[in-house]
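What follows is a single structure, written as structure tokens, with notes after it.
The values are calculated or read from the model by the stated rules, or taken from the named source; none is laboratory data. Here the structure is a predicted model, which is why all the values come from computation and not from measurement. Note: accessible area is taken over every heavy atom of the protein model, side chains too, but ligands, DNA and RNA are not part of it. Shrake-Rupley method; radii C 1.70, N 1.55, O 1.52, S 1.80 Å.
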Amino acid sequence: MVPKTDWDAPAHLQYEPIASPQGGASRDPSDVTEFENLREAVHWAMNNEAPAGMQAVIRTSSGAVLGPAMLEEIWLSLQGP
């Protein structure tokens, strides 16, 4: 799972082609959206539609790359019962 220190640290959201390996696409840094913390980044990724053929990927302050499956899992855990 995600270390506790990542929750309050900046996180970067980027859209990558669905067919590319997770974290494998080298994109223009201007395509990266920075958020004050991981919760904000996850909220944005789960509530805004990705461009056609793309998927949201979040890079945490510790360097972890969170792809769609992990984002869905995190989002569900944040929603509570």
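Couple of notes before you dig in:
- For the chain, the solvent-accessible area works out to 61 Å² per residue, with a probe of 1.4 Å and every protein chain left in place.
- Relative to the current alpha-carbon distance between SER62 and TRP44, full extension at 0.36 nm per residue lengthens the span by 4.5 nm.
- Length added when fully stretched, GLU34-TRP75, from 0.36 nm per residue minus Cα-Cα: 12.9 nm
- Options (i) 32, 24, 19; (ii) 63, 31, 26; (iii) 87, 37, 20 - which one matches Cα extents along the principal axes in Å as calculated here: (i)
- The portion of the accessible surface of the chain made up by carbon and sulfur, rounded to a whole percent, is 54 (1.4 Å probe; DNA, RNA and ligands excluded).
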